[in-house]
Amino acid sequence: MMIIPYENLKLLNQPFENEFKGAFDSFLASGWYVLGNQVKQFEASFAEWLGAKYCVGLASGLDALYLSLVALDLPKDAEIIVPSNTYIATILAVVNAGLKPVMVEPELITYNIDPDKIVEKITSKTKAIMPVHLYGKACNMDAITKIAQKYQLHILEDCAQSHGAAINGIKTGCFSTMSSFSFYPTKNLGALGDAGALITNDEVLYKKILALRNYGSHQKYYNKYTGINSRLDELQAVFLNIKLKYLEDITAHKRYLASIYDANLIQSELLVKPPILLDQEHVYHIYNIRTSLRDDLKLFLANNGVSTEIHYPLPPHLQEGYKKYFKDECYPVAEQIHQTTLSLPISFFHTEKQVLYVCELINDFFSQKGLYSANDY
């Protein structure tokens, strides 16, 4: 029996170990460990790679979301539109900023926020739309941009899972007033600890975020704003500078593995694969399928050596710590996604042989249940 972990960070980073060690020696010898040249280099390189003007390195993707809201100086009763099936960090950033999250259901096919349902949630208090490019697939930014322009709303992209995802060649992170990235270790561009960044083309906001991340200070010991301590760690910038050079290779490998899943998994009404849209470039941070037999399939795969994950088992409005923000609200599409979604192994270290094995097991699972014929795939 083949043993396939869902993720293994040691194996993921093994190809870069020698460069990491050499760069660490230089970092240690430099004697500069906070907001040094490595952070500046990464900020410049990542902004250029995205096609944006400015990048501010931060301690986490959550801090990037939070500071994007703080920097706008929105009224305290402002409403921020978010998807109902996002990871909790999106909601937490809005709540921590003292604002109100207003949830909109996703499209069942793409899992991203449904533009057709945004307008009905817009009120006089709505100030921004926060689309989340879930799993590595870009939202419908053309439709969202038109809505934002019509109602004079900011767009604040959550790009925590979409490093390099693009629409007609334009990368996510470049469709908005500000955008937020996470470099959590499991991301396509992952650090060796927590890290994040905020992207913008607005020079005024850029300079404000630079201060906000550093106690609200442009000049040491003089605090213009009520800021926080959220500086990209210099050592994490060392690692990110190395991995950024290989991000295209990482993405290409994950796309190749995704193509194997696409070609070899069964065609069945009981198994939904990620959609392929011709104008979009998916980066497959996560390769998720959906099936009403999710829990049985997950157990079957585990019993055969394959680890999977669920992103995510419970939607935000049902989370214990967040129910109070969504009293008596119902989000059936989000609940359906959360009850049926399953994430399959698709890391940089996984091989074609391993993915074919996963496909074989999944097909066997449905075959044993008599849910498709040999001609179905």
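The values are calculated or read from the model by the stated rules, or taken from the named source; none is laboratory data. Because the structure is predicted, anything quoted here is derived from the model rather than measured. Glycine also receives a Cβ, built like all others from the backbone with ideal geometry; neighbour counts cover every protein chain displayed.
Within region 106-129, the set of residues being crowded, with 21+ Cβ neighbours inside 10 Å and within 18 Å of the chain's Cα centre (by Cα) comprises Pro106, Tyr111, Asn112, Ile113, Ile129. Of all residues in region 53-88, those being outside any helix (DSSP H, G or I), under 18 Å from the mean Cα position of the chain (by Cα) and not polar (S, T, N, Q) number 9. It is to be established whether one or more residues within region 102-112 are modelled with pLDDT of 95 or more and farther than 21 Å from Glu329 by Cβ. The answer is yes; a qualifying residue exists.
Test Glu19 against the criterion of being in contact with a helix residue (DSSP H, G or I) (Cβ under 6 Å, 6 or more places away or on another chain), assigned by TED's automatic domain parsing to the domain that holds Lys208, more than 21 Å from Gly196 (Cα to Cα) and acidic (Asp, Glu), and give yes or no. Judged against the criteria, Glu19 is a match. When residues in region 75-89 are screened for being charged (D, E, K, R) and out of contact with any Gly (no Cβ under 9 Å at 6 or more places or on another chain), 2 of them pass. When the residues of region 212-234 are filtered to those that are part of a loop (DSSP other than H, G, I, E, B) and among the aliphatic types (A, V, I, L, M), the one that is nearest to Leu28 (Cα to Cα) is Leu232. The criterion of being under 27 Å from Lys137 (Cβ atoms) and either in a loop (DSSP other than H, G, I, E, B) or more than 20 Å from the chain's Cα centre (by Cα) (or both) holds for Ala191. What are the pairs, 6+ residues apart or on separate chains, where a residue within region 211-224 that is under 22 Å from Ser60 (Cβ atoms) and assigned by TED's automatic domain parsing to the domain that holds Leu198 has its Cβ under 7 Å from a residue that is hydroxyl-bearing (Ser, Thr, Tyr) and assigned to a strand (DSSP E or B)? Sorted first by the residue in region 211-224, then by its partner, the pairs are Ala211/Ser217; Asn223/Ser217. Count of region 39-71 residues, restricted to those that are closer than 19 Å to Glu234 by Cβ, in contact with a Gly (Cβ under 7 Å, 6 or more places away or on another chain) and either hydrophobic (A, V, I, L, M, F, W, C) or outside the structural domain of Gly196 (by TED's automatic domain parsing) (or both), is 5. Taking interchain pairs and intrachain pairs at least six residues apart, which have beta carbon atoms under 7 angstrom, with the first residue in region 272-289 and exposed (fewer than 14 other Cβ atoms within 10 Å of the Cβ) and the second at pLDDT below 95? Matching pairs, first to second residue: Pro275/Ile109. Which of the residues belonging to region 61-88 are surrounded by 22 or more Cβ atoms within 10 Å (Cβ to Cβ), of a type outside the set (D, E, K, R) and closer than 19 Å to Gly190 by Cβ? Result: Gly61, Leu62, Ala64, Leu65. Among all positions in region 57-65, there is at least one residue which is acidic (Asp, Glu) and under 24 Å from Val204 (Cβ atoms). Comparison of Pro83, Pro101, Pro75 shows that the only residue that is in contact with a Pro (Cβ under 6 Å, 6 or more places away or on another chain) and assigned by TED's automatic domain parsing to the domain that holds Ala237 is Pro83.
Taken over region 15-52, the residue count meeting the criterion of being small (Gly, Ala, Ser) and not in a helix (DSSP H, G or I) is 4.
Looking at the structure I just gave you, is Ala237 part of a loop (DSSP other than H, G, I, E, B) and either within 21 Å of the chain's Cα centre (by Cα) or surrounded by fewer than 24 Cβ atoms within 10 Å (Cβ to Cβ) (or both)? No, not satisfied.
Do you know which of the residues in region 201-210 that are of a type outside the set (A, V, I, L, M) and closer than 16 Å to Leu58 by Cβ is surrounded by the fewest Cβ atoms within 10 Å (Cβ to Cβ)? Across region 201-210, the extreme among qualifying residues is Lys207.
Might you let me know whether region 292-310 holds any residue that is without any contact (Cβ under 8 Å) to a residue 40 or more places away in the chain and of a type in the set (Lys, Arg)? Scanning region 292-310 turns up no residue that is without any contact (Cβ under 8 Å) to a residue 40 or more places away in the chain and of a type in the set (Lys, Arg).
Go through region 314-373 and report how many residues are part of a loop (DSSP other than H, G, I, E, B) and surrounded by fewer than 16 Cβ atoms within 10 Å (Cβ to Cβ). Residues meeting the conditions: 12.
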